[in-house]
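The values are calculated or read from the model by the stated rules, or taken from the named source; none is laboratory data. Quick caveat, the model's predicted, so the values are computed rather than measured. As a convention, Cβ positions derive from the backbone with ideal geometry for all residues, glycine included, and neighbour counts pool all protein chains shown.
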Amino acid sequence: MKKIEAIIKPFKLDDVKEGLTNLGVHGLTVSEVKGFGRQRGHKEVYRGAEYQIDFVPKIKIEVVMPSSLVPDAIKIIQEQAHTGEIGDGKIFVLPLEEAVRIRTGESGDDAL
Amino acid sequence: MNSGDTAFVLLSAALVMLMTPGLSLFYGGMVRNKNVLGTIMQSFIIVGVITLEWVLCGYSLSFGTDHAGIIGGLNWIALNGVGIVPNPHYGPTIPALAFMIFQCMFAIITPALISGAFAERMKFSAFLVFTVSWAILVYNPLCHWVWGVGGWINGMGALDFAGGTVVHISSGVSALAAATVIGKRLGYGTTAYRPHNLPMTITGAALLWFGWFGFNAGSALACSSLAVSAFVATHIASAVAALSWVFLEWTHRGKPTTLGAASGAVAGLVAITPGSGFVSPMSAVLIGAVGGALCYEGVLLKTRLGYDDSLDVVGIHGLGGIWGAVSTGLFASREINAAGANGLFFGNPSQLGIQFVAVLVTIVYVFALSYVLLKIIDKLIGLRVAKEDEISGLDLSQHDETAYIF
């Protein structure tokens, strides 16, 4: 099992979700995060006071899957989340020790 | 007693009352979300505190029998003798009680305005002490000087229809004293203090504009042609000031902002306040146009001068009030209000001089007294919240509350 953490542009979430579902991934977790890489933020002005806001809103997807699905998942996420503009995001793959389904107590790939 | 006049003044009093919670929304939206309740509470609680102060002693000190032109007497303490019978000097066609309650709302909103200067860092207890002592020692005498029969600025012939000096210059100057004594917010210079809820701010500004019709038109103390004239002048000045601020900002910084539109409107309302019952509609256009632009520049001034007047009370109420008083000396016309005077543009340059004296006296007295008051309270109980409380926010540290639980 592996865990994929993907930071993507918020408006790409539906496309990525569709792509992963079609691949056979059964569930995922999404959080609203802020971050920056090479994408500069933006400026805001309030009564003449100018503020440079570095952080950009992003969506973080966390999804656990059997190791066999990982290469296809990476490909799908990258295709769906891509725009070609700076700030498209990153995909991280982490090893996962254990997964348990709370309702039934199943573990390992059966829990996914 | 005239029922039409009385209905109008009571309605106006209700409109002005609404301006204080409106102000709490205007200010509330501009602070960070950890301080929104603390900010709202400061304005809201003043409705309670100053109402009590006003009916117990404030009304009498402001409008009671004059003593040496300096202060009213205690003849109306606890509203003794203030009833249904009109006072011939203060609203001759309305019950004295109606005049009292109308003026009460002015006494309430004036100290509430000051709170913008020390937003996000003042101790609630110190705030209460400051507000009450300021009301008694600064507002009541000033109110008496300008509006009281026998008040010396009144006797000088200074024109202030609805409170340019009494409300706006006084709160603006006190704000300067407060910002100076309390000092800058933590992180000033490196922190982005972004308004957490501008829709709330605009809602507040709208309520202020609406309520201001009571503030200015109601000051005619009668449902009269003068009330109509003041109503119209008020609306025009606000509208034009919003435009002038926004267009200046657009040219200067590249984008028009909603905060600018709301701020410009408020600046225009401030500017027209002293002259609302003395100037023509077209004069109101000019007063608003200059007011919006001037206050926009005034707000930029604070960064250059290095004081943290968090919500721009000095730039909008102080500067706007000063322009308002001066513009009254320029544009006042006896054709609009025969009981007033003519200004410079209507053949009477001396009025401008009188207005200047009134402005100067107000600035000096209010700054000096506010500064001293704040210093004393700081020595006795401390004005500012502790550092960790400023970081966790006023809502939690002063009130054990969180505004938004999602």
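Structural remarks
- Of all positions in segment B:207-228, none carries a residue that is farther than 30 Å from B:S333 by Cβ, surrounded by fewer than 24 Cβ atoms within 10 Å (Cβ to Cβ) and modelled with pLDDT under 95.
- Some residue of segment B:366-373 being touching a His at 6+ places or on another chain (Cβ under 9 Å) and either at negative phi or surrounded by 16 or more Cβ atoms within 10 Å (Cβ to Cβ) (or both): no
- B:P256 meets each of the listed conditions (1) surrounded by fewer than 23 Cβ atoms within 10 Å (Cβ to Cβ); (2) under 21 Å from B:M30 (Cα atoms); (3) touching a Gly at 6+ places or on another chain (Cβ under 9 Å); (4) without any contact (Cβ under 8 Å) to a residue 40 or more places away in the chain apart from (3).
- Taken over segment B:316-348, the residue count meeting the criterion of being free of Cβ contacts under 8 Å to residues at least 40 places away in the same chain and either among the small types (G, A, S) or in contact with a strand residue (DSSP E or B) (Cβ under 7 Å, 6 or more places away or on another chain) (or both) is 3.
- Scanning segment B:88-106 for any residue that is in contact with a Gly (Cβ under 8 Å, 6 or more places away or on another chain), of a type in the set (A, V, I, L, M) and closer than 16 Å to B:L137 by Cα turns up nothing.
- Filter pass, A:P95 being farther than 30 Å from B:I202 by Cα and either of a type in the set (D, E) or away from chain B (no Cβ under 14 Å) (or both): yes
- Counting residues in segment B:9-27 that are touching a strand residue (DSSP E or B) at 6+ places or on another chain (Cβ under 7 Å), in a helix (DSSP H, G or I) and closer than 30 Å to B:A126 by Cβ gives zero.
- Failed item, numbered, when A:Q80 is tested on (1) polar (S, T, N, Q); (2) farther than 18 Å from A:H26 by Cα; (3) surrounded by 16 or more Cβ atoms within 10 Å (Cβ to Cβ): (2)
- Of all the listed residues (A:G105, A:G87, A:G37, A:G27), the sole one being part of a loop (DSSP other than H, G, I, E, B) and at pLDDT 95 or above is A:G105.
- Condition met for B:S24 (buried (at least 18 other Cβ atoms within 10 Å of the Cβ), closer than 25 Å to A:R47 by Cα and of a type in the set (S, T, Y)): yes
- Given (1) part of a loop (DSSP other than H, G, I, E, B); (2) more than 14 Å from every other protein chain (Cβ to nearest Cβ); (3) within 30 Å of B:L396 (Cα to Cα), number of the condition B:M1 does not satisfy: (3)
- The residue that is nearest to B:I316 (Cα to Cα), counting only those in segment A:36-70 that are among the hydrophobic types (A, V, I, L, M, F, W, C) and within 11 Å of chain B (Cβ to nearest Cβ), is A:A49.
- Test result for A:V30, touching a strand residue (DSSP E or B) at 6+ places or on another chain (Cβ under 9 Å) and within 14 Å of chain B (Cβ to nearest Cβ): no
- Of all residues in segment B:234-283, those being within 14 Å of chain A (Cβ to nearest Cβ) and either over 20 Å from the mean Cα position of the chain (by Cα) or of a type in the set (S, T, Y) (or both) number 13.
- Selection status of B:L198, farther than 23 Å from B:I391 by Cα and either buried (at least 24 other Cβ atoms within 10 Å of the Cβ) or hydrophobic (A, V, I, L, M, F, W, C) (or both): no
- A:Y51 falls short of the stated requirement of being buried (at least 16 other Cβ atoms within 10 Å of the Cβ), of a type in the set (S, T, Y), modelled with pLDDT under 95 and out of contact with any Cys (no Cβ under 8 Å at 6 or more places or on another chain).
- Meets criteria (away from chain A (no Cβ under 14 Å) and either within 22 Å of B:F106 (Cα to Cα) or surrounded by 22 or more Cβ atoms within 10 Å (Cβ to Cβ) (or both)) for B:V326: yes
- Only listed residue being under 20 Å from A:E85 (Cα atoms) and among the polar types (S, T, N, Q), chosen from A:Q52, A:Q39: A:Q39
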